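Read-outs: derived from the displayed coordinates by stated rules, not from any lab. Values in this document were obtained by computation on a predicted structure and should not be read as measured data. Heads up, the Cβs are rebuilt from the backbone with ideal geometry, glycines too, and the neighbour counts pull from every protein chain shown.
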């Protein structure tokens, strides 16, 4: 794996008015990593994603994308983003899968749309209406929309919220394939500890501060779980 850092987060702190949300967060995301970002509700995960995407400016510290400070970064086609399903539109109006994926590219780049749909194994659904798809299939469409610009970094915020278990398993299999076959660097925010441990190559735990940044095998220790989620949390490994 190329150890070049794609994302560099250095001493980042952020507050909403007087409420401190993030304090002195520092870690890198290396090229080719599949990084899982985990923490309880209100831990600052979504805020950190917004800072990485340049949507919020930290009061302290810096974020770099591909070696450039995020405020100076202009090559946003290199970064794909899949937001939480809860924040997405309810597709009750007639729009096709191809039309949704094509929102991220110019009209003349139809080949990019077709390839992105092949990458997520939905090319045969290209003319289907969005409301005809299952929740898991809709999430694949949103990933395809992000992939159509041929990004090197893909950021996903709780992508399986509201998706059934079977669709979740298939979804994470797809992410592993994208990471391994397309050499995509992934940042995945999830509450699912099992997924983080079983699927990713690196775990970052935050709860306003950085709790740990380490391989998943080392994360499976109750003291980390207690520090992040409280003393009553137990880790249970489920079959995949």
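Suppose R0 equals 41 Å; then what is the FRET efficiency for residue 128 and residue 10 from their Cβ-Cβ distance, rounded to the nearest 0.05?
E between residue 128 and residue 10, to the nearest 0.05, is 0.40.
What ratio of Cα Rg to 2.2 N^0.38 Å holds for segment 84-198?
Normalised by 2.2 N^0.38 Å, the Cα Rg of segment 84-198 equals 1.02.
Sticking to Cα atoms, compute the Rg of segment 63-151 to one decimal and its Dmax as the biggest Cα-Cα distance, whole number, in Å.
Computed over the Cα atoms of segment 63-151, radius of gyration and Dmax are 14.0, 42 Å.
Along the Cα→Cβ direction, 7 angstrom out, place labels at residue 77 and residue 150. What is the inter-label distance in nm?
About 0.8 nm separates the two model spin labels.
Which whole-number percent of Cα pairs in the chain have a distance greater than 31 Å?
23
Hey, what angle do you get for helix 110-119 against the long axis of the chain, alpha-carbon based, 0 to 90 degrees rounded to 10?
For 110-119 against the chain, the angle is about 60 degrees.
I'm a student and want to see the number: the projected area of the Cα convex hull of segment 19-61, averaged over all directions, in nm².
The number I arrive at for segment 19-61 is 3.6 nm².
Using only alpha carbon pairs under 8 Å that are at least six residues apart, calculate the relative contact order of the chain and give it in whole percent.
On the way: 442 pairs, mean separation 60.4, N = 240.
It comes to 25 percent, rounded to a whole number.
Output the Kirkwood hydrodynamic radius of segment 14-119, Cα pairs only, in Å rounded to one decimal.
When all Cα pairs of segment 14-119 are included, the Kirkwood radius is 16.8 Å.
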